[in-house]
Amino acid sequence: PRSFGSIGSVELTKDRFLLLAFAILMIGGALAMIRKPGAAAKRSPSPWVMAVLGGLVGFVTGMVGAGGGFLIVPVLVCFAGLEMKSAIGASLSIIAVNSVIGFSTFIVRGGKPDWSVLAGVLGSAIGGLFLGLWLSQRLSGAKLKPAFGAFVLGVACFIFARELLF
């Protein structure tokens, strides 16, 4: 359906519902990243569990059109047991592959990219890459994990505020 009803004076459209559901998933991932690790022993993740979680992340990313990194990193850290820096590197690799596939599909289907916008985004991404590399050498994974969780929580709260208040 186009609309699921309303929350107060805010109409709950399909798009708004998907973004709010995405924000809820982000909050869960953020809280998992922020909380202190328990004393549980590190164990190998089940390939089936990881396949289901990977499929879920892919499904949500496809439905919402964004957010792979916000969900991939918590899954890799909390379920696969990867160290924070390794999870970020794996997430960026996954996102790069997805981006190349998406851009290639766009071109094959006759899309005409705005090369000036693409160059600006690419330049910013490369600048962010070098900033991230510089920061990663100065921050430990133990400090990076809750900081990433707080950032994801902030983005989720922004999504909630934007969708429900504006």
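The values are calculated or read from the model by the stated rules, or taken from the named source; none is laboratory data. Note that the structure is a prediction, hence the values are computed from the model and not measured. Glycine also receives a Cβ, built like all others from the backbone with ideal geometry; neighbour counts cover every protein chain displayed. Side chains are part of the model used for accessible areas, which takes the heavy atoms of the whole protein and leaves out ligands, DNA and RNA. Shrake-Rupley method; radii C 1.70, N 1.55, O 1.52, S 1.80 Å.
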Quiz item: Restricting the first residue to segment 55-83 and requiring it to be over 12 Å from Lys145 (Cα atoms), which pairs with a second residue that is exposed (fewer than 14 other Cβ atoms within 10 Å of the Cβ) and modelled with pLDDT under 85 meet a Cβ separation below 8 Å and a spacing of at least six or different chains?
Solution: Gly81/Lys42; Gly81/Arg43; Gly81/Ser44
Quiz item: Which of (1) open to solvent by 80 Å² or more (accessible area, probe 1.4 Å); (2) touching a helix residue (DSSP H, G or I) at 6+ places or on another chain (Cβ under 9 Å); (3) under 26 Å from Glu163 (Cα atoms) is the odd one out, the single condition Phe59 does not satisfy?
Solution: (2)
Exercise. Determine whether Met50 is surrounded by fewer than 16 Cβ atoms within 10 Å (Cβ to Cβ) and in contact (Cβ under 8 Å) with a residue 24 or more places away in the chain.
Key: yes
Exercise. Considering (1) surrounded by fewer than 17 Cβ atoms within 10 Å (Cβ to Cβ); (2) out of contact with any Leu (no Cβ under 7 Å at 6 or more places or on another chain); (3) closer than 17 Å to Ala32 by Cβ, say which one Ile72 fails and leave the rest.
Key: (1)
Quiz prompt | Sole exception among (1) under 27 Å from Phe166 (Cβ atoms); (2) of a type in the set (Gly, Ala, Ser); (3) modelled with pLDDT of 85 or more; (4) open to solvent by 80 Å² or more (accessible area, probe 1.4 Å) for Ser9, by number | solution = (3)
Quiz prompt | Set Ala156, Ala90, Ala66, Ala80: member being open to solvent by 40 Å² or more (accessible area, probe 1.4 Å) and either under 16 Å from Ile24 (Cα atoms) or not charged (D, E, K, R) (or both) | solution = Ala66
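Please list, ordered by residue number, the helices (runs of 4 or more DSSP H) wholly in segment 63-158 having 2 or more residues that are farther than 27 Å from Pro45 by Cβ and at pLDDT 90 or above. Let's see the steps before the verdict.
Working: elements: 68-78, 84-108, 115-136.
Of the helices (runs of 4 or more DSSP H) lying wholly inside segment 63-158, those with at least 2 residues that are farther than 27 Å from Pro45 by Cβ and at pLDDT 90 or above span 84-108, 115-136.
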Quiz item: Within segment 142-162, can you find the residues that are free of Cβ contacts under 8 Å to residues at least 40 places away in the same chain and among the charged types (D, E, K, R)?
Solution: Lys143, Arg162
